[in-house]
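In what follows, a single structure is set out as structure tokens and then discussed.
Throughout, read-outs are computed from the coordinates displayed, never taken from laboratory work. Keep in mind that this is a model prediction, so the values were computed, not measured. Glycine also receives a Cβ, built like all others from the backbone with ideal geometry; neighbour counts cover every protein chain displayed.
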Amino acid sequence: LLFGKTGGVWKKVLFDNLCVAPFLCLPMAYISKAAVFQKALLEGLRQYVYDIRYNQLLTKYWMIWFPVQCLTFTIIPENLRITFVAAFSFLWMTLLSTIAAKTKTTVTTSEA
């Protein structure tokens, strides 16, 4: 809707990776995690910023999602897009869990 049917792959991919993910999706994941573990929501945002600065969260996100989205919108047939994106979402969630666990270990170790 925002870009129309002929908005171009690059506009869609850049908007999602540079605007939506870093300012909406990823912070919400950290805020949700903080809420589930009954921590302050601000603590979730602090962990998000920490992971960006010290664990290369956005770099890792972009290494996966820039190519995946380019392939999704150019090469992958429409009937296979959900399966294709779901497979990489599983990979991303595994990597995100690893990064988040690393944060907890690093913070705990540095406090000791």
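Of the peptides 48-54, 80-86, the order by per-residue mean of other Cβ atoms within 10 Å, starting with the highest, comes out as 48-54, 80-86.
Relative to the current alpha-carbon distance between Val49 and Ile64, full extension at 0.36 nm per residue lengthens the span by 3.5 nm. Eigenvalues of the alpha-carbon gyration tensor of segment 10-112, scaled by 5 and square-rooted, set the equivalent ellipsoid semi-axes at 29, 13, 13 angstrom, largest first.
Once the Cα-Cα distance is subtracted from the 0.36 nm per residue extended length, the Trp92 to Ala29 segment shows a gain of 21.4 nm.
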